[in-house]
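> Below is the structure I would like to discuss, written out as structure tokens.
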Ligand code: HEM
């Protein structure tokens, strides 16, 4: 089901050219002037309207994930009986039930015109138009993230974007941040494997990353993570291929997605859930609120549905650029966990969208729920829904809105709240568990590619201190990996190198049992 802007039909031949007030107009290419070479006229409202519109065509790009492509399609339930054990989510209640979706897939750090094939994580945002409101699942193509403390996010993004003086991408900034934040190592290793340069947008998987919560109608709940597995098979570019394609066709992924759908090869993803009870979470080996860790295969992946993209946008700006995805767009049966990163995201998205698209962005057709909206918010720029008519704009007793009789109350998980939320950046031995699992799971060829991809990038870092700190982390994760990178980037004395480790951000332990402060 396509989401169409109000004027999205292709221009019919009988449509007449008009000014903005709908009056037919004679010639779009004609400015009014006095005589054959005279000055222009202020009364040429067609020209002033034309420039007034053109001058304002650009809206702010997304502060992250600015370059992307998208399409529409549907999600279909395949295992309602499993889902119903854990969640009252209406969209998962019946096998075969289809929910229309809009999906946007993106790179993270580049600007709107940047290359699709840059080494970067990929965003994967799904807008589910459920019968009970919009549910956005805003994911990446990796199961984890670079940090577990949201206050690091804006600064981390600064280091991935441009140097404030040179306006260039800056490898020193890039690795300075990562080498100061060892909890980023697993995500950094995924990024520098060939998974950092996926073959377009169709051949990659997506993960919610965070633990969310599935809620039952009696208020009982479970932690849940979703995993979208590509039906096209995982396919990545090598570094050399990605470098070539960036020059040859920087819009490769956008084109590949559009053409596949236009040709009827609808890309699909099988959707799995991993479910964990609060009691299980208490004894699980990793903190389930730590976004730098994933759950392993001891928590089974159960198929719950399939998603297909079947329709290209009719108008990219209306249906994809103006799309506003947010983890705070949730419906009954789905709730956030206390993961601090997720809690921060619950605020950040709608906040940026009020700036990027305006306070009434939820009225834009691609964002508007299929269910009626009735509340006491009013007015603001670009209010296009009739401003909710003549209904009272407060809790009127004379003409009241019906209130939802919610019979359940959602409790928090005390075991984790308070315990897990402290010392978010303190790095301990468990932070090296997933980097080791990842390294050991790579084929010999993929291990070689990871090493050479890192050397190609880290080797260009000017600061010896940054290179050493990062090499020390790789070495601690795996000695073969660390040694190979050290050789490639001109680092010696590897056993003596240090990196942040310990209870607090300022307290570092050196493995040769000295203690030092870096900052
Ligand atoms: C986009 C903030 C972490 C996935 C964005 C945007 C902001 C943002 C401000 C731009 C939204 C817009 O303009 O519409 C943050 C913050 C984070 C965080 C503050 C952590 C504290 C994550 C994580 C994931 C993620 C962990 C994935 C699991 C995405 C995706 C988009 C996005 C897919 C693009 C959505 C689209 O296509 O419109 N993020 N983000 N982000 N983020 Fe995050």
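No lab work stands behind these numbers, since they all come straight from the coordinates. Fair warning: this is a prediction, and the values are worked out from it, not measured in the lab. For neighbour counting, all protein chains shown are included, and Cβ atoms are generated from backbone atoms with ideal geometry for every residue, glycine included.
> Arranged by the count of other C-beta atoms within 10 angstrom, fewest first, what order do 288, 359 take?
By the 10 Å Cβ count, ascending, the order reads 359, 288.
> With a Förster radius of 30 Å, plug the Cβ-Cβ distance of residue 378 and residue 406 into 1/(1 + (r/R0)^6) and report the FRET value to the nearest 0.05.
0.75
> Suppose the chain between residue 155 and residue 262 were pulled fully straight at 0.36 nm per residue; how much longer would it get relative to their current alpha carbon spacing?
Going from the current span to full extension adds 34.6 nm.
> If you line up the Cα atoms of region 214-338 on their principal axes, what length do they span on each, largest first, in Å?
52, 35, 23
> State the extension gain, in nm to one decimal, for the chain segment bounded by residue 298 and residue 163, taking 0.36 nm per residue of separation less the distance between their alpha-carbons.
Extra length available between residue 298 and residue 163 comes to 44.3 nm.
> Further, regarding this structure: Compute the projected area of the convex hull of the Cα atoms of region 122-276, averaged over all viewing directions, and report it in nm² to one decimal place.
12.3
> Test of understanding: ordering 269, 439 by Cβ neighbours within 10 Å, fewest first, what list do you get?
Ordered from fewest to most neighbouring Cβ atoms within 10 Å, 269, 439 come out as 439, 269.
> Report the Stokes-Einstein translational diffusion coefficient (µm² s⁻¹, integer) for the chain, Rh taken as the Kirkwood radius over Cα pairs, at 37 °C with viscosity 0.692 mPa s.
129
> A further question on this structure: So if I take the alpha carbon set of region 244-311, get Rg, then get Rh from the Kirkwood formula, what is the Rg over Rh ratio?
Ratio value, two decimals: 1.20.
> Any chance you could tell me what percent of the C-alpha pair distances in region 265-358 go past 18 Å?
66
> Computed over the Cα atoms of region 353-464, what is the ratio Rg over Rh, Rh following Kirkwood?
1.24
> Please quote Rg/Rh for region 38-124 to two decimal places, taking the Kirkwood radius as Rh and restricting both calculations to Cα atoms.
Here the Rg-to-Rh quotient is 1.30.
> Among 483, 152, which comes first, then next, by fewest other beta-carbon atoms within 10 Å?
So the residues, fewest neighbours to most, are 483, 152.
> Right, next: Using Cα pairs closer than 8 Å and at least 6 residues apart in sequence, work out the relative contact order for the chain, in percent.
Averaging sequence separation for qualifying contacts and normalising by length gives 17 percent for the chain.
> Ok, one more. What is the spin-label model distance, in nm, from residue 355 to residue 36 if the labels are put 7 Å beyond Cα along the C-beta direction?
Inter-label distance under the simple model: 5.4 nm.
> Follow-up. How many percent of Cα pairs in region 346-394 exceed 16 Å?
44
> Using a Förster radius of 35 Å, what is the FRET efficiency between residue 394 and residue 79 based on their Cβ-Cβ separation? Nearest 0.05, please.
Approximately 0.20, to the nearest 0.05.
> Which of the peptides 424-430, 192-198, 341-347 is most tightly packed, and how do the rest follow, judged by the mean count of other Cβ atoms within 10 Å per residue?
Top to bottom by mean Cβ count within 10 Å: 192-198, 341-347, 424-430.
> Eigenvalues of the Cα gyration tensor times 5, then square-rooted: what semi-axes does that give for region 202-288, in whole angstrom, largest first?
Taking √(5λ) for each eigenvalue gives 37, 17, 9 Å, largest first.
> Further question on the same structure: Quote to one decimal, in nm, the extra length available between residue 428 and residue 114 on full extension: 0.36 nm per residue of separation minus the C-alpha distance between them.
Result: 109.4 nm gained on full extension.
> Measure nothing fancy, just the Cα-based angle from helix 479-489's long axis to the longest principal axis of the chain, in degrees from 0 to 90, nearest 10.
Approximately 70 degrees, to the nearest ten.
> Percent of alpha carbon pairs in region 95-206 separated by more than 25 Å?
Result for the distance tail: 31 percent.
> Cβ neighbours within 10 Å, averaged per peptide: list 393-406, 373-386, 160-173, 177-190 in order, most packed at the top.
Top of the packing list down: 177-190, 160-173, 373-386, 393-406.
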